[in-house]
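Report on the following structure.
The values are calculated or read from the model by the stated rules, or taken from the named source; none is laboratory data. Everything quoted here is computed from the prediction, not taken from an experiment. Neighbour counts are summed over all protein chains in view; Cβ atoms, including those assigned to glycine, are modelled from backbone coordinates with ideal geometry.
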Amino acid sequence: MQRLLHFLYEYRAFFTFLILQLLCVWMIVQNNQYQGAQFFNTSNRVAAGVSGTTQDVKNYFALRRINDELSEENKWLRQKLEQREQAIQYLTLKQDSVFDTDIVERFEFVNAKVVNNSTARFKNFITINRGSEEGVEPGMAVMNDNRAVGKVKTVSEHYSVIISLLNIDEQSSVLIKRTGHFGTVQWDGTDPRFIDLKYIPRHVVPLVGDSIVTSDFNAVFPPNVFVGIIRQTRLSESDQFHEIDVELAQDFGKLAYVQVVKSRLKKEKDSLENMTIGEPK
């Protein structure tokens with residue numbers, strides 16, 4: 001306390017000058033309209049700038065929460081959209097107004113954040129922060145805003161590893177949306193932006209710009225999940241099938257959030273097929 005008092009006494013002239021200067025400024029602002037207006041305009045700009053900077057900082061630190069909320073909203077919308085499509089298909093086939101809830105609501109989605117991802121290897125994998133505790137199981141499809149990503153390979157309590165579409169061992173059944181012809185996509189291990197579409201017979205005429213989506217025969221993905229767009233086709237006289245380059249809809253280098261697709265009827269379907277035709281080799 002003595003040091004503080006000594007400091008104030010030592011610099012009493014400076015503090016007196018400072019107080020008098022502030023008093024003069026206050027009196028000028030109070031008694032002159034022009035100076036008063038300029039002062040308040042300047043102070044308002046400074047306050048607005050400080051307030052804007054503060055809000056920007058708050059928004060930055062709230063980005064994770066906002067992303068999580070948007071991801072949850074996207075999951076809910078995707079689930080409702082999938083249920084609507086299933087209901088339309090079911091009612092079209094049944095020709096009545098009564099539908100099976102298990103069919104219409106067979107897909108459920110689990111939001112997950114990508115915590116590890118590779119794109120530069122021949123066999124790329126993705127790690128997410130959801131596991132068996134959230135009901136994730138091996139074999140489940142993984143997508144991002146209706147764009148195909150891969151399928152679950154292994155699961156722990158809190159994490160799962162996904163086989164990316166950018167994996168030379170991964171194949172998925174797809175179709176050309178315009179023509180309805182079935183084929184298979186498989187990555188060749190070179191460019192992570194493109195994937196090969198195989199087994200489209202030569203009598204089919206695929207066009208650049210055609211959309212490629214998952215088919216009803218896909219063992220992993222729901223139907224009509226967007227895979228990519230045809231960018232180039234090649235066919236020689238001796239080829240039975242077209243060589244087709246498909247630009248992937250999903251940019252795997254920017255993958256941040258995904259949805260794991262849980263099918264309530266997959267176990268029933270697999271069990272029936274295994275009982276009828278035997279276990280897959």
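Annotations
- The set of residues from the range 235-252 being exposed (fewer than 12 other Cβ atoms within 10 Å of the Cβ) and either under 10 Å from Leu197 (Cα atoms) or of a type in the set (Asp, Glu) (or both) comprises Glu237, Asp239.
- Residue within the range 169-181 that is under 14 Å from Phe252 (Cβ atoms), touching a strand residue (DSSP E or B) at 6+ places or on another chain (Cβ under 8 Å) and modelled with pLDDT of 95 or more present: no
- In this entry, Val246 passes the filter for residues that are within 22 Å of Phe125 (Cβ to Cβ) and outside any loop (DSSP other than H, G, I, E, B).
- Test: residue in the range 186-209 that is among the polar types (S, T, N, Q) and either in a strand (DSSP E or B) or surrounded by 17 or more Cβ atoms within 10 Å (Cβ to Cβ) (or both): yes
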